[in-house]
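Student: This is the structure, below, for whatever I ask next.
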Amino acid sequence: KPCPLCDEAKEVLEPYKRRFILQEVDITLPENTAWYDKYKYDIPVFHLNGKFLMKHRVDVPKFEDRLRKLELRSE
């Protein structure tokens, strides 16, 4: 904190919040050093269903496509 890019990403993802669970990870905490080592220069980073999706900014078309595919698989 502060993380303006993280705040911006959360705003962009807000309309989708009923379709997925947002789990935020503070990479500066001691228990998250692996994430810090991997992504310290690339925040925010987005994973969907445990798989890397994108970094820096939300790519809305990519996010919508992946989310839709996951929803179709779970029906």
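Student: Six or more apart or on different chains, Cβ atoms under 7 Å: show the pairs whose first residue is in segment 1-30 and over 21 Å from Glu71 (Cβ atoms) and whose second is in a helix (DSSP H, G or I) and of a type in the set (Ser, Thr, Tyr).
Tutor: Ile27/Tyr36; Ile27/Tyr39; Thr28/Tyr36
Student: Now a separate question. Out of segment 36-75, which residues are basic (Lys, Arg) and over 15 Å from the mean Cα position of the chain (by Cα)?
Tutor: Passing the criteria: Arg68, Lys69, Arg73.
Student: I'm told Tyr39 meets every condition in (1) under 16 Å from Val58 (Cβ atoms); (2) among the hydroxyl-bearing types (Ser, Thr, Tyr); (3) touching a helix residue (DSSP H, G or I) at 6+ places or on another chain (Cβ under 7 Å) except one. Can you identify the failing condition by its number?
Tutor: Unmet condition: (3).
Student: Just need a number here: residues in segment 1-14 that are in a loop (DSSP other than H, G, I, E, B) and farther than 19 Å from Phe63 by Cβ.
Tutor: Qualifying residue count, segment 1-14: 2.
Student: While we're on this one: Report yes if Thr33 is among the hydroxyl-bearing types (Ser, Thr, Tyr), more than 12 Å from the chain's Cα centre (by Cα), over 23 Å from Glu64 (Cβ atoms) and open to solvent by 80 Å² or more (accessible area, probe 1.4 Å), otherwise no.
Tutor: Spelling it out, it is not the case that Thr33 is among the hydroxyl-bearing types (Ser, Thr, Tyr), more than 12 Å from the chain's Cα centre (by Cα), over 23 Å from Glu64 (Cβ atoms) and open to solvent by 80 Å² or more (accessible area, probe 1.4 Å).
Student: Okay, next question. Against the definition (surrounded by 10 or more Cβ atoms within 10 Å (Cβ to Cβ) and at pLDDT 95 or above), how does Leu53 come out, yes or no?
Tutor: yes
Student: Any chance you could count how many residues in segment 15-30 are exposed (fewer than 10 other Cβ atoms within 10 Å of the Cβ) and either assigned to a helix (DSSP H, G or I) or of a type in the set (A, V, I, L, M, F, W, C) (or both)?
Tutor: Count: 3.
Student: Answer with yes or no whether Ala9 is small (Gly, Ala, Ser), modelled with pLDDT of 95 or more and open to solvent by 70 Å² or more (accessible area, probe 1.4 Å).
Tutor: no
Student: Residue pairs, Cβ under 6 Å, 6 or more apart or interchain, first in segment 36-56 and in a helix (DSSP H, G or I), second of a type in the set (Val, Ile, Thr). List them.
Tutor: From residues that are in a helix (DSSP H, G or I), the pairs are Tyr36/Ile27; Tyr39/Val45.
The values are calculated or read from the model by the stated rules, or taken from the named source; none is laboratory data. A quick note: this is a predicted structure, and the numbers were derived from the prediction, not measured. Heads up, the Cβs are rebuilt from the backbone with ideal geometry, glycines too, and the neighbour counts pull from every protein chain shown. What goes into the accessible areas is simple: the full protein's heavy atoms, side chains included, and nothing from ligands, DNA or RNA. Shrake-Rupley method; radii C 1.70, N 1.55, O 1.52, S 1.80 Å.
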